[in-house]
1. From the list Leu8, Leu99, Leu34, pick out the single residue that is in contact with a Phe, Trp or Tyr (Cβ under 8 Å, 6 or more places away or on another chain), farther than 30 Å from Thr173 by Cβ and of a type in the set (A, V, I, L, M, F, W, C).
2. Taking only pairs six or more apart or across chains, which ones have beta-carbon atoms under 6 Å, a first residue in region 101-115 that is on the phi < 0 side of the Ramachandran plot, and a second residue that is small (Gly, Ala, Ser) and loosely packed, with under 12 Cβ neighbours inside 10 Å?
3. Among the candidates Gly415, Gly430, Gly379, single out the residue that is assigned to a helix (DSSP H, G or I), touching a Pro at 6+ places or on another chain (Cβ under 9 Å) and surrounded by fewer than 24 Cβ atoms within 10 Å (Cβ to Cβ).
4. State which residue is surrounded by the most Cβ atoms within 10 Å (Cβ to Cβ) when the search covers only region 225-268 and only residues that are part of a strand (DSSP E or B) and of a type in the set (A, V, I, L, M).
5. Taking the options Ala159, Ala181, Ala168, name whichever one is assigned to a strand (DSSP E or B) and either closer than 25 Å to Leu246 by Cα or of a type in the set (Gly, Ala, Ser) (or both).
6. If I filter region 444-452 for residues that are within 22 Å of Ser292 (Cβ to Cβ), modelled with pLDDT of 95 or more and surrounded by fewer than 23 Cβ atoms within 10 Å (Cβ to Cβ), do I get at least one hit?
7. Please enumerate the residues belonging to region 108-132 that are within 16 Å of the chain's Cα centre (by Cα), in a strand (DSSP E or B) and not charged (D, E, K, R).
8. Only one residue in Leu373, Leu399, Leu352 is in a helix (DSSP H, G or I), out of contact with any helix residue (DSSP H, G or I) (no Cβ under 6 Å at 6 or more places or on another chain) and touching a residue at least 24 places away in the same chain (Cβ under 8 Å), so which one is that?
Amino acid sequence: MANNADILALDTSDLRARLAQGALSAVEVTEAYLAQIARREADVGAWAWIDPDYARAQAQHLDAQRKAGRPLGRLHGLPVGLKDVIDTAKIPTENGCPLDAGRVPSRDAYVVERLKAEGAVLMGKTVTTELAFMQARGTRNPHNPGHTPGGSSSGSAAAVADLHVPLAVGTQTGGSVIRPASFCGVTGFKPSFGAIPRRGVLMQSHSLDTMGVFGRSPSDAAMLAEVLFGYDSADPATQTAPQPQLYATATATPPVKPVFAMVQPPGWDRADPQLHAAFAELAEALGEQCFSVELPSIFDQAAEIRERINFAEMARYYYRYRRDGADVLGPRTNEALEKGEAILARDYLAALDWRDVLYAGLDEIFARCDAILCPAATGPAPQGLEYTGDAIFNGLWTLLGTPAVTVPAFTAENGLPMGLQLVGPRGQDGRLLRNANWIYRWLETATDEGKD
């Protein structure tokens, strides 16, 4: 039987291969991660619901399927965490909100159906902020428990970072995948808007809500996202399209070295000076593969536009929570709902018109580069657990529906990670993941050389 520490140390691609080959059993892998959860969960608080016996039963069933010679799914035996806004049949899905305490859905969300079909072990439900907004629910950063892991996919990011699971699923409406990944030092991938169906997921903003995934590397994110991409008639944001080969594309060698456009997005002056210095060093190290570019001044309005859409739609979808329990909701949630209720229809509709106008402003940039480089957050994770961090560097790309990836790249003076964000054109998710994987490996090589 393999040693737990050896299993946790395996790259997720290697882990998947050994499970597929039978070199490791699903039970062995599940037990290794359950042992890590038992050892660390009291310090991290990543899980809203977990039942070790349920995880073991799934793993035993998968091993029995293998022995019977049945076809294996693409995620056979891999443990996966699910943000607690994603419906799971017969398993609590409480949306991080006391008003939903005891809620047990009768049907799985689309993404849960896909995970089960591909042989994943559903490890449990990861902590989310209240109603996937900004009111924190107690998860701590694995690198320093006195600091936030970010939000709203706090538990998913922390669980991957602390080796509770190799993969996890989250959602993003502002910066809820990209920012926690940055704070926790893992890869977060927010696909193009509408790439992954949202049926069975708490709806906050139908114009912005996007499913996302977490892994240790861009290839991990590609592995998980590939099985989730698809069409579902219940989600009008999705479209019928050929199944993308995200993992093969992400792990392929680019035909030529990628060229990056380094952008200082609106809010750059709010970033930590350490981040400014890190980006200057990165640009110098990339040399001719990187050029600086300024976004048109019209992008300065993007944060306000995104917030207007978010809050107006949030007031619609969360009306019952405010009606029935405003005194139970946290102050940040109540404040957003109050603002949403005050937004005029004309202003909301006008905000929707701005998305394609702003996206057109990226055409010239994308024509000259393979991907945009910008910060994933304003710096390392802030101290304290009440504030989940500034999403100024994330909301723009959520508004525009572009795919975005966080790559762990820098370390602050206090030892906390800081992420690098890559952004690509809509619909070119595989190419973006390939460029992210290239720079991830390039950074690993640069780090190793620096140690020599």
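1. Working: Leu99 fails: farther than 30 Å from Thr173 by Cβ; Leu34 fails: in contact with a Phe, Trp or Tyr (Cβ under 8 Å, 6 or more places away or on another chain).
The match here is Leu8.
2. Going by the 6 Å Cβ cut-off, there are no qualifying pairs.
3. Numbers: Gly415 fails: assigned to a helix (DSSP H, G or I); Gly379 fails: assigned to a helix (DSSP H, G or I).
When all the criteria are applied, what remains is Gly430.
4. If we filter region 225-268 for residues that are part of a strand (DSSP E or B), which is where we start, we get 260-263.
Checking which are of a type in the set (A, V, I, L, M) leaves us with 261-263.
Numbers: Ala261: 20, Met262: 17, Val263: 24.
Among residues in region 225-268 that are part of a strand (DSSP E or B) and of a type in the set (A, V, I, L, M), the one surrounded by the most Cβ atoms within 10 Å (Cβ to Cβ) is Val263.
5. Details: Ala159 fails: assigned to a strand (DSSP E or B); Ala181 fails: assigned to a strand (DSSP E or B).
Result: Ala168 is the single residue among Ala159, Ala181, Ala168 that is assigned to a strand (DSSP E or B) and either closer than 25 Å to Leu246 by Cα or of a type in the set (Gly, Ala, Ser) (or both).
6. The initial filter retains those residues of region 444-452 that are within 22 Å of Ser292 (Cβ to Cβ), namely 446.
Still in the running and modelled with pLDDT of 95 or more: none.
No, region 444-452 has no match at all.
7. Listed by number, the list holds a single entry, Thr126.
8. Details: Leu373 fails: in a helix (DSSP H, G or I); Leu399 fails: out of contact with any helix residue (DSSP H, G or I) (no Cβ under 6 Å at 6 or more places or on another chain).
Answer to the check: Leu352.
The values are calculated or read from the model by the stated rules, or taken from the named source; none is laboratory data. If you're wondering where the values come from, they're calculated on a predicted model, not measured in any experiment. When we count neighbours, we look across all protein chains shown, and the Cβ atoms used for this are built from the backbone with ideal geometry, even at glycine.
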